[in-house]
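A.B. asks: What follows is a structure written as structure tokens; I'll ask about it next.
The values are calculated or read from the model by the stated rules, or taken from the named source; none is laboratory data. These numbers come from a predicted model, not from an experiment. No Cβ is skipped: glycine too gets one built from the backbone with ideal geometry, and neighbour counts run over all protein chains shown. With ligands, DNA and RNA removed, areas are computed over all heavy atoms of the protein, side chains included. Shrake-Rupley method; radii C 1.70, N 1.55, O 1.52, S 1.80 Å.
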Amino acid sequence: MKIDFKTSKTFSLVSKDSNKIHLNKSFAGKYFVKEPIVHGINLVIIALSEFLKKQKHEIIISSVSLNFKNFVTINEKFSLKIFKDKIIIYNEFHTKLEIYLKYKKVKKIENFKTKNKKKKFLKYNFKKLFNFGLIQQLVYTSYYIGTVKPGNGSLILNIKLNYNKLYSSNIKPRVEKKIKNFYVISYQLNFYQVQITACKLVPYKKEVKKLKFKSKTLK
């Protein structure tokens, strides 16, 4: 499995995540990633769509915890391991992403209320997911981190997302700068409580130094 540049650009347009580290080779080259990298949330959406294919019934996902262990570059091959309440994205060298889930089967009463709901994002189908708002929230996190704060050159390190009908009041994103270029962003929106840890990458500084060697050393 891999994500090409066209797919990545489509995700960027739909999510409105304009972070150049996903789209611009010369920009990405300034950082340790060296090449444009895949949107982390795009990987999550692919993983969740594959997870839902294995479900026999419609489910409500009440909690998602995402740990981004490493990045995936454009056209880099990766694989999925799907467990009962966990998904791992990896390749032969690294674990890329760990997804932990809490969910339950949807009751018949709840299922009746969700008829005719649009449950698609790009080419992925989420018919088995009762609370499709979870996908919308994940896409919003990609937009906020990549476009608003920290913005260009940022990476998501961790996301904790909880769904509860008691979270009826909306709370605007609160940004706390931790050590140096690390941020914690938290907000509450449409029955979802979200906390994101992200960082702003620092570009390499190019230094040109002239080295002088003795003739004996050169010889």
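A.B. asks: Which residue out of 66, 23, 43 is within 21 Å of residue 147 (Cα to Cα), modelled with pLDDT under 95, under 16 Å from the mean Cα position of the chain (by Cα) and surrounded by 14 or more Cβ atoms within 10 Å (Cβ to Cβ)?
C.D. replies: Testing whether each residue is within 21 Å of residue 147 (Cα to Cα), modelled with pLDDT under 95, under 16 Å from the mean Cα position of the chain (by Cα) and surrounded by 14 or more Cβ atoms within 10 Å (Cβ to Cβ) leaves just 23.
A.B. asks: Which condition breaks for residue 55 when tested against (1) polar (S, T, N, Q); (2) part of a loop (DSSP other than H, G, I, E, B); (3) open to solvent by 40 Å² or more (accessible area, probe 1.4 Å); (4) within 30 Å of residue 164 (Cβ to Cβ)?
C.D. replies: In the conditions (1) polar (S, T, N, Q); (2) part of a loop (DSSP other than H, G, I, E, B); (3) open to solvent by 40 Å² or more (accessible area, probe 1.4 Å); (4) within 30 Å of residue 164 (Cβ to Cβ), residue 55 misses (3) alone.
A.B. asks: Still on this structure, I have one more. Looking only at the stretch 9-41, count every residue that is over 22 Å from residue 92 (Cα atoms), touching a residue at least 12 places away in the same chain (Cβ under 8 Å) and not hydrophobic (A, V, I, L, M, F, W, C) and tell me the total.
C.D. replies: Qualifying residue count, the stretch 9-41: 13.
A.B. asks: State the number of residues belonging to the stretch 145-166 that are among the hydrophobic types (A, V, I, L, M, F, W, C) and open to solvent by less than 50 Å² (accessible area, probe 1.4 Å).
C.D. replies: Result for the stretch 145-166: 5.
A.B. asks: Follow-up question, since we're still on this one. Only one residue in 142, 186, 169 is in a loop (DSSP other than H, G, I, E, B) and either open to solvent by less than 100 Å² (accessible area, probe 1.4 Å) or in contact with a Leu (Cβ under 9 Å, 6 or more places away or on another chain) (or both). Which one?
C.D. replies: Unique residue meeting the criteria: 169.
A.B. asks: Against the conditions (1) farther than 16 Å from residue 134 by Cα; (2) touching a strand residue (DSSP E or B) at 6+ places or on another chain (Cβ under 8 Å), where does residue 77 fall short? Just the number, please.
C.D. replies: (2)
A.B. asks: Any chance you could count how many residues in the stretch 69-101 are aromatic (Phe, Trp, Tyr), out of contact with any Ser or Thr (no Cβ under 8 Å at 6 or more places or on another chain) and surrounded by 14 or more Cβ atoms within 10 Å (Cβ to Cβ)?
C.D. replies: 2
A.B. asks: Can you tell me which of 163, 167, 103, 192 is over 20 Å from the mean Cα position of the chain (by Cα) and closer than 17 Å to residue 63 by Cβ?
C.D. replies: Criteria check complete, one pass: 167.
A.B. asks: For residue 149, indicate whether it is basic (Lys, Arg), at pLDDT 90 or above and more than 23 Å from residue 16 (Cα to Cα).
C.D. replies: It is false that residue 149 is basic (Lys, Arg), at pLDDT 90 or above and more than 23 Å from residue 16 (Cα to Cα).
A.B. asks: Confirm whether residue 191 is open to solvent by 70 Å² or more (accessible area, probe 1.4 Å), within 21 Å of residue 99 (Cα to Cα) and of a type outside the set (Val, Ile, Thr).
C.D. replies: Spelling it out, residue 191 is indeed open to solvent by 70 Å² or more (accessible area, probe 1.4 Å), within 21 Å of residue 99 (Cα to Cα) and of a type outside the set (Val, Ile, Thr).
A.B. asks: Since residue 104 meets every condition but one in (1) in contact (Cβ under 8 Å) with a residue 12 or more places away in the chain; (2) in a strand (DSSP E or B); (3) open to solvent by less than 70 Å² (accessible area, probe 1.4 Å), which condition does it not meet?
C.D. replies: (3)
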